[in-house]
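Each remark here refers to the structure printed beneath this line.
The values are calculated or read from the model by the stated rules, or taken from the named source; none is laboratory data. Keep in mind that this is a model prediction, so the values were computed, not measured. FYI the Cβ positions are ideal-geometry reconstructions off the backbone, even for glycines, and counts take in every protein chain you see.
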Amino acid sequence: MDNNVLILIEQMKIIGSLMIIGVFEQRIKLFGKNLIDALSQIISKLILPIQLMTVIGSISRSDLISSGRFFLCTIIMYPLCIFLAGMVTKFLRLKEPQKSMHVLVTSFGNGGFIGLPLIISMFPKTAGKAAAAFMFIEAVVYWVFGPILASPEKKKKIDFKMVISPLTISIAIGIIIVLLNINLTGLVFWDTLTDVGNTSKYFASIYIGMNIGMMGLKRLKNNLKVLFAAPFKLIIFPVIAFILFGKTGILTGDLLVMFVVLFSTPSGMALPIVAQISGSDSEYASSGTIATTILCLFTMPFVIWLTTVI
């Protein structure tokens, strides 16, 4: 079996185990909603940005320049996913606000909490090339265009101020470090920051489990159509990404594998927040997040295996 598949299977075992721990801790009320929400803020505004900065800041200038192709492919792939997801909603005959939310559930992934820790575990020396390009585009898509796409009225104005966040600031700092050719490896402060960032996978996975426990599986009964998002989000779209950019030779090697992994992540944990901002159906978003997050433990290794035999 392909080495990448074996690594991904092992990573899924770790993430799955941590998610189970998170669900258990929530179920026994060890952590209340306030503490779970606080953990989310610590991860998204501290640990994950630190990880992004140190991963990007550790690559070479030539690696950063070579990530331009990855950046362009991401720009192409996200609108394509959104368009195809919109076509699926017509087939399902969904009504608003579920129709708008289904598009986001099907096309918006969880690059921060799942994708980034995974590609760092798989390709620790080159993950920064993908992280710099992908995470910036994902931040723009989520917080600038997400509320507009999720809004049933589609009348919200574009607010580019939403792009400014700890994540995008950390990306900018990492890029500046690389462009100025500053070598921080070996410095105690930088190595400490790297160690803090490396805890992202563990804390994020536990948080995801807590969040699933808090949301509960019962709401899926009232939103069964959201399950139709799973095969597209978790299998069809990443395979399309592989065929479009892998079979054509646009992306190769580690970059191609990381591209497929990032586009095979489950629906983002932030989608219920986007739904609330836009006045859409947050329960539908939560249902999609729960379903795809559980299923991704099995589909992500399958997708990477599938790309080796196509």
Problem - Of the criteria (1) outside any helix (DSSP H, G or I); (2) small (Gly, Ala, Ser); (3) touching a Pro at 6+ places or on another chain (Cβ under 6 Å), which one Gly249 fails - result: (3)
Handout entry: Filter pass, Thr89 being assigned to a helix (DSSP H, G or I), hydroxyl-bearing (Ser, Thr, Tyr) and farther than 30 Å from Thr185 by Cβ
Key = yes
Exercise for the section: With respect to Thr74, determine if the residue is touching a Ser or Thr at 6+ places or on another chain (Cβ under 8 Å) and either assigned to a helix (DSSP H, G or I) or closer than 15 Å to Thr265 by Cα (or both). Expected result: no
Fill in the blank from the handout: Residue set Met269, Met258; condition of a type outside the set (Asp, Glu), under 24 Å from Lys13 (Cβ atoms), at pLDDT below 90 and out of contact with any Asp or Glu (no Cβ under 6 Å at 6 or more places or on another chain); output residue Met269
Exercise for the section: Being in contact with a Pro (Cβ under 7 Å, 6 or more places away or on another chain) and either closer than 19 Å to Ala130 by Cβ or part of a helix (DSSP H, G or I) (or both) narrows it down to one of Val261, Val303, Val239, so name that one. Expected result: Val303
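A quick yes/no check of all residues on (1) touching a helix residue (DSSP H, G or I) at 6+ places or on another chain (Cβ under 6 Å); (2) over 25 Å from Ala132 (Cβ atoms); (3) crowded, with 21+ Cβ neighbours inside 10 Å:
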residue: Phe70; (1), (2), (3): yes, no, yes
residue: Ile76; (1), (2), (3): no, no, no
residue: Cys81; (1), (2), (3): yes, no, yes
residue: Gly86; (1), (2), (3): yes, yes, no
residue: Arg93; (1), (2), (3): no, yes, no
residue: His102; (1), (2), (3): yes, yes, yes
residue: Asn110; (1), (2), (3): no, no, yes
Exercise for the section: Would you be able to tell me the number of residues in region 170-216 that are within 21 Å of Leu39 (Cβ to Cβ) and either among the aliphatic types (A, V, I, L, M) or assigned to a loop (DSSP other than H, G, I, E, B) (or both)? Expected result: 12
Practice task
Test each condition in (1) buried (at least 19 other Cβ atoms within 10 Å of the Cβ); (2) within 18 Å of the chain's Cα centre (by Cα) for Tyr284 and report the one that comes out false.
Solution key: (2)
